[in-house]
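The values are calculated or read from the model by the stated rules, or taken from the named source; none is laboratory data. Just so it is clear, the model here is predicted, and its values are computed rather than measured. Cβ sites come from the backbone with ideal geometry, for glycine too, and all protein chains shown count toward neighbours. Only protein heavy atoms, including side chains, enter the accessible area calculation; ligands, DNA and RNA are left aside. Shrake-Rupley method; radii C 1.70, N 1.55, O 1.52, S 1.80 Å.
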Amino acid sequence: KILQVVNDTTLRARHSSTSTVFIDTGFSVTITPKFANSKILINVTATASSTTHYVYIDIYRNGTTSLSGSATNANGLTGPVANSVAGWDTVATFYEDSPNTTSAVTYNIYAKTASGTLYFGLDTNVVFPNQVYISATEIAK
């Protein structure tokens, strides 16, 4: 049974970085579970690009715990994606988490590149939608 769905609706400028270790993109969604034993399904769909080679995406709970369990230099949840140096790719990932709490939980989207510059989100202007969709769905156990 679905208890609630929360979507990130904050307008943000796209994230760009040359980091080869996972760093926070500034995109996130926060949900406050109604029950401690609920599952939280996090869905991420975004536009991404790299000037040289590959983008990797991971989700971190409260900015500290990688949901993929990867070290900072591993593949994250997606592995290498967005290898389109001539354009933009749509990347997507999801994860079912068990935060075991009724306190607010923030799911932060982290990214890294193999080399070059990565872009996460299409537009540099915060006025326009950034083609980054993040949702958190609470599911009763």
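What full-extension length gain, to one decimal in nm, is calculated for V5 and A114 as 0.36 nm per residue of separation minus the Cα-Cα distance?
Length gained between V5 and A114: 35.9 nm.
On the accessible surface of the chain, probed at 1.4 Å, how many percent belong to carbon and sulfur atoms?
50 percent
What residue among G63, G76, G121 shows peak mean-square fluctuation when the chain is described by a Gaussian network model with Cα springs under 10 Å?
G63
What per residue convex hull volume, in Å³, comes out for region 1-113 when only alpha-carbon positions are used?
Output value, Cα hull per residue: 97 Å³.
Over the chain, what is the relative contact order in percent, taking alpha-carbon pairs closer than 8 angstrom and at least six residues apart? Please list the in-between numbers first.
On the way: 394 pairs, mean separation 66.8, N = 141.
Relative contact order, the chain: 47 percent.
According to a simple spin-label model (label point 7 Å from Cα along Cα-to-Cβ), what is the distance in nm between R12 and D123?
The modelled label-to-label distance comes out at 1.6 nm.
Please work out the average accessible area per residue across the chain, using the 1.4 Å probe convention, and give it in Å². Don't skip to the end; give the middle numbers.
Details: 6650 Å² over 141 residues.
For the chain, the per-residue accessible area is 47 Å².
What residues have an amide H closer than 5 Å to that of T10, excluding those fewer than 5 places away on the same chain, when H is modeled at 1.01 Å from N in the peptide plane?
Answer set, sorted by chain and number: none.
Considering amide H positions built from the backbone, and no H for Pro or chain starts, which residues 5 or more places from I57, or on another chain, come under 5 Å of its amide H?
L77, T78, G79
Q131 to T30: extension gain in nm, 0.36 nm per residue of separation minus the Cα-Cα distance?
Extending this stretch completely gives an extra 34.5 nm.
Kindly sort F27, F94 by accessible area of their heavy atoms, largest first, with the probe set to 1.4 Å.
Descending accessible area places them as F94, F27.
Any chance you could run the full-extension gain for S98 through I23? It's 0.36 nm times the residue separation minus the Cα-Cα distance, nm to one decimal.
Net length gain for the segment: 24.7 nm.
Build a GNM of the chain with springs between Cα atoms under 10 Å: which of T78, T25, T64 gets the top mean-square fluctuation?
T64
By a straight-distance test (C-alpha under 18 Å), which aspartates and glutamates pair with K141 as possible cross-link partners, with residues fewer than eight away in the same chain excluded?
Correct list for K141: E96, D97.
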